[in-house]
Amino acid sequence: MQTFDLGKEGLRALNSSLHALKGQTNMTAWEVVNPKGAHAIAAGVDAPVDITVRGSTGYYCAGMNKQATIRIKGSAGPGVAENMMSGTVIIDGNASQYAGATGRGGLLVIKGNASSRCGVSMKGIDIVVHGSIGHMSAFMAQSGNLVVLGDAGDALGDSLYEARLFVRGSVKSLGADCIEKEMRPEHLALLADLLKRGEADGQARPEEFKRYGSARKLYNFNIDNAAAY
């Protein structure tokens, strides 16, 4: 276990050490102490390592993550796991705005609640939120899966493309072109796997969720709406 005291050694030294772990490494377990809300902790990691951050973080923690498993033993500020490519990010607390934004792959697990725009413009990432999410979540989400065990705020899935949204609780309102869809057997199987991977399989059953997706009415220009432009 490599223990790094962020208060003494600084963020630049931490990220430089993590960036040096390209490809395979025998330095596979890292512990970051005294994060004190610092920004961009463990951003840009590209190695199959396990990193535990013991405390809450600021902006863009685990941004651009690739291969690594990063667990935050606290809450995360805006943009956690932004543009994640692969690997896993697990937050034991809450997440602020635009968690998992533009994520292209990997798994983001939020054990608490997520604020507004969770999964905005997601492009293949899987997000499992044990609590509730705020307004405009999954705005322009293109692909991937967003699972919410709690409730969803206003304008869920506004301008959605082909991402799949699963919500167990209530949805305050659906955004433009987002509709409720049939939950077929393949979706139940997919959701069961996501709940298991997201450490939530003991908290909910796939049958308790509703599925939301794109009505596909915004894909093409409609001449009847020309006067609106």
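Taken together, the values in this text are just the output of simple stated rules run on the coordinates, not laboratory data. Treat the numbers as computed from the prediction; the structure is a model and nothing was measured. Glycine gets a Cβ as well: all are built from the backbone with ideal geometry, and neighbour counts include every protein chain shown.
No solvent, one uniform scatterer per C-alpha: report log10 I(q)/I(0) for the chain via the Debye equation at q = 0.12, 0.14, 0.18 1/Å, two decimals.
One equal scatterer on each Cα of the chain leads to -0.62, -0.80, -1.18.
With the alpha-carbon atoms as the only input, what is the per residue convex hull volume for segment 72-129 in Å³?
49
Quick check on the exposure proxy: order S116, S16 from fewest to most C-beta atoms within 10 angstrom.
By the 10 Å Cβ count, ascending, the order reads S16, S116.
Rounded to the nearest 10 degrees, what's the angle between the helix 185-197 long axis and the longest principal axis of the chain, both from Cα atoms, 0 to 90?
Its long axis makes an angle of about 20 degrees.
By the gyration tensor of its Cα atoms, with a ≥ b ≥ c the square roots of the eigenvalues, what is the shape of segment 42-85: rounded for a/c under 1.5, prolate for a/b over b/c, or oblate?
Oblate, because a/c is 1.5 or more while a/b does not exceed b/c.
Over the alpha carbons of segment 93-212, what is the largest minus smallest coordinate on each principal axis, giving the biggest first in Å?
The Cα atoms of segment 93-212 stretch 32, 29, 26 Å along their principal axes.
Quick query: amide H of G144 versus all other amide H atoms, modeled in the peptide plane; which residues come in under 5 Å with a sequence gap of 5 or more or a different chain?
For G144, whose amide H was placed from the backbone, the distant partners under 5 Å are G124, R164.
Among D5, D224, D177, D126, what is the fewest-to-most ranking by other Cβ atoms within 10 Å?
With the fewest neighbours first, D5, D224, D177, D126 line up as D224, D5, D177, D126.
Please tell me which of these pairs span more than 24 angstrom C-alpha to C-alpha: K196/K217; K73/K196; K111/K210?
Beyond 24 Å: K196/K217.
Please arrange C61, C178 by how many other C-beta atoms lie within 10 Å of their C-beta, fewest to most.
In order of increasing Cβ crowding within 10 Å: C178, C61.
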